[in-house]
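First up is the structure itself, then whatever we jot down about it.
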Amino acid sequence: MVDLSVELGPLKLKNPVLTASGTFGYGLEFEPFFDLGSLGGIVSKGLSPRPRHGNPPQRIAETPAGMLNTIGLQNVGVDAFLSEKLPKLEHYDMAVLANVFGETEAEYVEVCKKLDGAPGLAGIELNVSCPNVECGGIAFGNDPRALASVTAACRKATGLPLLVKLSPNVTDIRETARAAEDAGADALSLVNTFVGMAIDVEARRPVLNRVSGGLSGPAIRPLAVHMTWQTYNAVKIPLMGMGGITCARDALEFILAGASAVQVGTSNFVTPTSAADLVNELRDYLEQHGFESVRELVGSLQVES
Ligand SMILES: Cc1cc2nc3c(=O)[nH]c(=O)nc-3n(C[C@H](O)[C@H](O)[C@H](O)COP(=O)(O)O)c2cc1C
């Protein structure tokens, strides 16, 4: 039997596979497809202090090997998450992480305080990297000082494991990674979506209502793997890697590059059982290659000089 368990600072996971925020609802939507308890964990849709309707359509578009979205953080709000969603997830043997979004630093803190100590909640992931909203989100994630400030404020607001989710839309991700680490993050998630756009050449108009959106899916995987490797060599705190993961080989790229755990995002829309399948595939890979624990592989990339 191989050991799939991993630790990201104070966050302990029975296996390294989670589902990425915004691609898996609140988990409950996927109950018909597989046992959620087979996962290492799930990350909720980004939660704000009050419910949000998100952006008007058209807000998704398919692209070669991926998709663009500009959902705009539609969510039920933190109160409804706590009263209606989280209690229904408590009986599953897996970690539930809450993804948190605010338009201001005070809103991030407000949501973190409400989540602090909630029964069944394993940790918080700060979304400081959403490219699809007018205020907040990426405005924090692109500026190391603003990122450090919101991270430090949320660190004070909660004793839960605190992950900061980094934006890839920066010149050097190591700067924002170090800023989050220095401000008290327990671990980093990377990456969020890349800003992109698509144009309808018949209408001569943007495909998406808000012109640009966030690109995700296999199209971004090599970029995300590279950023994971860069970040692994720049910080000491553990990493949660994501970007276009569809199968064990994809996940292993992130793990070898330095991720202790991975998240499956866009692939959930194509194959709803994607993340559960990945757990089994990872176990098979470790067995076939004679590894006792997935931890042996984390950051074990051989780079010959
Ligand atoms: C439709 C959609 C909604 C998303 N919503 C959120 C969100 O609320 N919060 C967040 O931090 N990331 C959000 N993301 C980003 C994903 O969690 C993930 O970082 C990104 O899609 C890259 O992984 P993937 O290529 O496996 O999808 C969203 C992505 C998609 C496609």
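A few notes on this one:
- Selection of the range 266-305 for residues being surrounded by 14 or more Cβ atoms within 10 Å (Cβ to Cβ) and on the phi > 0 side of the Ramachandran plot yields only Gly299.
- Among the residues of the range 95-133, those that are β-branched (Val, Ile, Thr) and either within 15 Å of the ligand (Cβ to nearest atom) or touching a Leu at 6+ places or on another chain (Cβ under 6 Å) (or both) comprise Val96, Val100, Val111, Ile124, Val128, Val133.
- For the range 2-43, filtering for residues that are in a loop (DSSP other than H, G, I, E, B), open to solvent by 10 Å² or more (accessible area, probe 1.4 Å) and not hydrophobic (A, V, I, L, M, F, W, C) leaves 12.
- Qualifying residue in the range 58-67 (condition: surrounded by 19 or more Cβ atoms within 10 Å (Cβ to Cβ), within 29 Å of Asn15 (Cα to Cα) and not basic (Lys, Arg)): yes
- Tyr92 satisfies every condition listed in (1) within 15 Å of the ligand (Cβ to nearest atom); (2) more than 22 Å from Asn142 (Cβ to Cβ) except (1).
- Of all residues in the range 172-204 being assigned to a loop (DSSP other than H, G, I, E, B) and open to solvent by 80 Å² or more (accessible area, probe 1.4 Å), the one that is farthest from Ser129 (Cα to Cα): Glu202
- Residue check, Gln230 open to solvent by 20 Å² or more (accessible area, probe 1.4 Å) and free of Cβ contacts under 8 Å to residues at least 24 places away in the same chain: no
The values are calculated or read from the model by the stated rules, or taken from the named source; none is laboratory data. These numbers were taken from a predicted model, which means no experiment stands behind them. Ideal geometry is used to build each Cβ from the backbone, glycine not excepted, and the neighbour counts take in all protein chains shown. What goes into the accessible areas is simple: the full protein's heavy atoms, side chains included, and nothing from ligands, DNA or RNA. Shrake-Rupley method; radii C 1.70, N 1.55, O 1.52, S 1.80 Å.
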